[in-house]
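Take this structure first; my questions come after.
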Amino acid sequence: AQSVAQPEDQVNVAEGNPLTVKCTYSVSGNPYLFWYVQYPNRGLQFLLKYITGDNLVKGSYGFEAEFNKSQTSFHLKKPSALVSDSALYFCAVRDLTGGGNKLTFGTGTQLKVEL
Amino acid sequence: KAGVTQTPRYLIKTRGQQVTLSCSPISGHRSVSWYQQTPGQGLQFLFEYFSETQRNKGNFPGRFSGRQFSNSRSEMNVSTLELGDSALYLCASSLEGLAGDRSSYNEQFFGPGTRLTVL
């Protein structure tokens, strides 16, 4: 079965500093990985995806993610954090078992950016 | 394009009742998936519909069911509600092709969710 793990429940960072939200994956075959963000009382917003190609993926709102096959990781990064980046971040993998379009999510990481 | 819409946004029901939630996908999207989000279990996949057919199903009891109409709009139904069904139910749509077509592995776009409270 496909799965992702987010080892940190919460990440705190000062505004202007770089941020990293960690994600590791476990899949059989090629991984198809996604990052989503959720603001309070809202649905999930798509940030970026890795399907194939370059290991550095650029996404929305200045976020990027680095795909590392040897470490089975897909960490989300941003060079300079904003207070408005404070939200709940989810890593997800497309689960190909059974066919169709199913995402398996990590447990989420609460990002808090402070002044 | 308009985003994914879900109705109603909030719902309060009592144990034993049934509920129907509705989802309108982004125009042109044929794949609609449903997820349940709770503080304890996180985000869990319920089922996916593609061209009116259920293509994938998560590990939920038969009380949870869904369907998709010819215009790709989808509904999910929960019968005999239990307290544990209280959750945020999220619908997502994607511009999806045939299963196994890697070139069409597109992101899912989520609606704002329906907050269901079971008393």
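Where a number appears in this text, it was derived from the coordinates with a stated rule and is not lab data. Predicted model, so just to flag it, every value in this text is computed and none were measured. Cβ: placed from backbone, ideal geometry, glycine included. Neighbour counts: every protein chain shown.
Please build a GNM for chain B, connecting alpha carbons under 10 Å apart, and tell me which residue among B:SER86, B:SER70, B:SER31 fluctuates the most.
Checking each option, the largest mean-square fluctuation is seen for B:SER70.
Report, as an integer, the average count of C-beta atoms from other chains found within 10 Å of each Cβ along B:44-56. Let's see the in-between values first.
Working: counts 2, 7, 1, 2, 6, 2, 3, 0, 0, 1, 1, 5, 7.
That works out to 3 on average.
Search the structure for amide H atoms under 5 Å from the amide H of B:SER31, placed 1.01 Å from N in the peptide plane, and list their residues when 5 or more places away or on another chain.
Amide H to amide H, under 5 Å and 5 or more residues apart or across chains, B:SER31 pairs with B:SER94, B:GLU96.
Work through the residues other than A:GLN10 whose Cβ is under 15 Å from its Cβ and net out their charges, Lys, Arg +1 and Asp, Glu -1. Walk me through the intermediate numbers first.
On the way: positive: A:LYS22, A:LYS112; negative: A:GLU8, A:ASP9, A:ASP85, A:GLU114.
Once positives and negatives cancel, what remains is -2.
Please report, largest first and rounded to whole Å, the three semi-axes of the ellipsoid equivalent to chain A, where each semi-axis is the square root of five times an eigenvalue of the C-alpha gyration tensor.
Working: eigenvalues 113, 44, 29 Å².
They are 24, 15, 12 Å, listed largest first.
Also, quick follow-up: Could you give the size of the charge dipole of chain B about its Cα centre, using +1 on the Cβ of each K and R and -1 on the Cβ of each D and E, expressed in debye and rounded to the nearest 20?
Working: 12 positive and 8 negative charges, 43 e Å.
Approximately 200 debye in magnitude.
For the cross-link pairs A:LYS69/A:LYS102; A:LYS49/B:LYS1; A:LYS112/B:LYS13; A:LYS58/B:LYS1, which exceed 28 Å when the distance is taken from alpha carbon to alpha carbon?
On the way: A:LYS69/A:LYS102 22 Å; A:LYS49/B:LYS1 21 Å; A:LYS112/B:LYS13 34 Å; A:LYS58/B:LYS1 23 Å.
Flagged as over cut-off: A:LYS112/B:LYS13.
Here's something else I'd like to know. Taking the DSSP beta bridges in chain A as the whole, what percent of them are antiparallel, to the nearest 5? Can you show the working numbers first?
Numbers: 34 of 39 bridges.
Just about 85 percent of them are antiparallel.
How compact is the stretch B:33-100 by the rule of thumb for globular proteins, expressed as Cα Rg over 2.2 N^0.38 Å? Numbers along the way, then the final one.
Working: Rg = 12.4 Å, N = 68, 2.2 N^0.38 = 10.9 Å.
Computed over Cα atoms of the stretch B:33-100, the ratio equals 1.13.
Based on DSSP loop calls and a cut-off of at most 16 other Cβ atoms within 10 Å, the longest stretch of chain B free of exposed GluC sites (Glu not before Pro) is what?
B:1-51
Please average, across the residues of A:36-46, the number of beta carbons from any other chain that are within 10 Å of each residue's own beta carbon, and give a whole number.
5
Could you work out, residue by residue across A:24-34, how many beta carbons of other chains sit within 10 Å of that residue's beta carbon, and then give the average as an integer?
Values: counts 0, 0, 0, 0, 0, 0, 2, 0, 3, 0, 3.
Mean shielding by partner chains, rounded to a whole number: 1.
While we're looking at this one, here's another question. Which residue fluctuates the most in chain A, going by a Gaussian network model with Cα springs under 10 Å, if the choices are A:ASP85, A:ASP95, A:ASP54?
Answer for the Gaussian network model of chain A: A:ASP54.
Here's a follow-up. What do you get for Rg/Rh over chain B if you use C-alpha atoms and the Kirkwood form of Rh?
On the way: Rg = 13.9 Å, Rh = 14.4 Å.
Rounded to two decimals, Rg/Rh equals 0.97.
Now for a different question. Lone cysteines in the protein assembly as shown, going by a 4.7 Å Cβ-Cβ cut-off?
So far as the 4.7 Å Cβ criterion goes, no cysteine stands without a partner in the protein assembly as shown.
Can I get the semi-axes of the protein assembly as shown's equivalent ellipsoid? Compute them from the C-alpha gyration tensor as square roots of 5 times the eigenvalues, in angstrom, largest first.
Over the Cα atoms of the protein assembly as shown, the semi-axes work out to 29, 21, 16 Å.
Within the stretch B:1-99, report the trypsin sites (Lys or Arg not before Pro) that DSSP leaves as loop and that have at most 13 other Cβ atoms within 10 Å. Write down the numbers at each step before the final one.
On the way: sites: B:LYS1, B:ARG9, B:LYS13, B:ARG15, B:ARG30, B:ARG55, B:LYS57, B:ARG63, B:ARG67, B:ARG73; in loops: B:LYS1, B:ARG9, B:ARG15, B:ARG30, B:ARG63, B:ARG73.
When the trypsin sites (Lys or Arg not before Pro) of the stretch B:1-99 are filtered for loop state and at most 13 Cβ neighbours within 10 Å, B:LYS1, B:ARG9, B:ARG15, B:ARG63 remain.
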